[in-house]
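All remarks here apply to the structure that follows.
The values are calculated or read from the model by the stated rules, or taken from the named source; none is laboratory data. Please read all numbers here as calculations on a predicted model, not as lab measurements. Using ideal geometry, Cβ is built from the backbone for each residue, glycine included, and neighbour counts are taken over all protein chains shown. Keep in mind that these areas ignore ligands, DNA and RNA; they rest on the heavy atoms of the full protein, side chains included. Shrake-Rupley method; radii C 1.70, N 1.55, O 1.52, S 1.80 Å.
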Amino acid sequence: MKSAKNIFRQHLKNNGMLRSKQREQILDIFLKTEHHPTIDDLYNLVKKKDPKIGLATVYRTMEVIYDAGLASRVGFGDGIKRYEHKHQHHYHLICLKCGKVIEVTSNRLEGTQRQLAKKHDFTITRATMRLFGICKTCKRKEK
């Protein structure tokens, strides 16, 4: 499987875009995030590493990362657009009280998806699962 950096570089090349240190830095920072950052979140992280990079550059680079298939846009019902790594399969548990998002992975769910696709001769191109409820911190506060 190709690395995210190689996919990104190939996408730039295929679309006649220049590879730059700034784009590479933004990709690296995005790939290291463990949450679902907004453009502003990413900008604040990028600014710490290189204050010369502007908000517009972060925005444009995230569009390239999205177009390269390395990110998807997600919303959790609060009207805020966030990004997540598309090349990592995971699912979301979303607290309805505090908005906390917990990422989980499950080999069993992945296996079930593959079995269902095979059984129905179906090609899965994208899968998401969001479970809404109350996190343990908010449950403790209720008691």
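Restricting attention to the stretch 1-38, which residues are of a type in the set (Gly, Ala, Ser) and either surrounded by 14 or more Cβ atoms within 10 Å (Cβ to Cβ) or assigned to a helix (DSSP H, G or I) (or both)? If you could, list the steps in order and put the result at the bottom.
Of the stretch 1-38, the ones of a type in the set (Gly, Ala, Ser) are 3-4, 16, 20.
Matches in the stretch 1-38: ALA4 only.
Checking each residue in the stretch 61-80 for being exposed (fewer than 15 other Cβ atoms within 10 Å of the Cβ) and modelled with pLDDT of 90 or more picks out GLU63, TYR66, ASP67. Listed by first and then second residue, the pairs with beta-carbon distance under 7 Å, at least 6 apart or on different chains, first residue in the stretch 86-101 and farther than 23 Å from GLU63 by Cβ and of a type in the set (A, V, I, L, M, F, W, C), second surrounded by 16 or more Cβ atoms within 10 Å (Cβ to Cβ) and at pLDDT below 80, are ILE94/PHE76. Just name the residue that is most open to solvent (accessible area, probe 1.4 Å) out of those in the stretch 102-143 that are in contact (Cβ under 8 Å) with a residue 12 or more places away in the chain, of a type in the set (D, E, K, R) and outside any helix (DSSP H, G or I). Going through the qualifying residues, I end up with ARG126.
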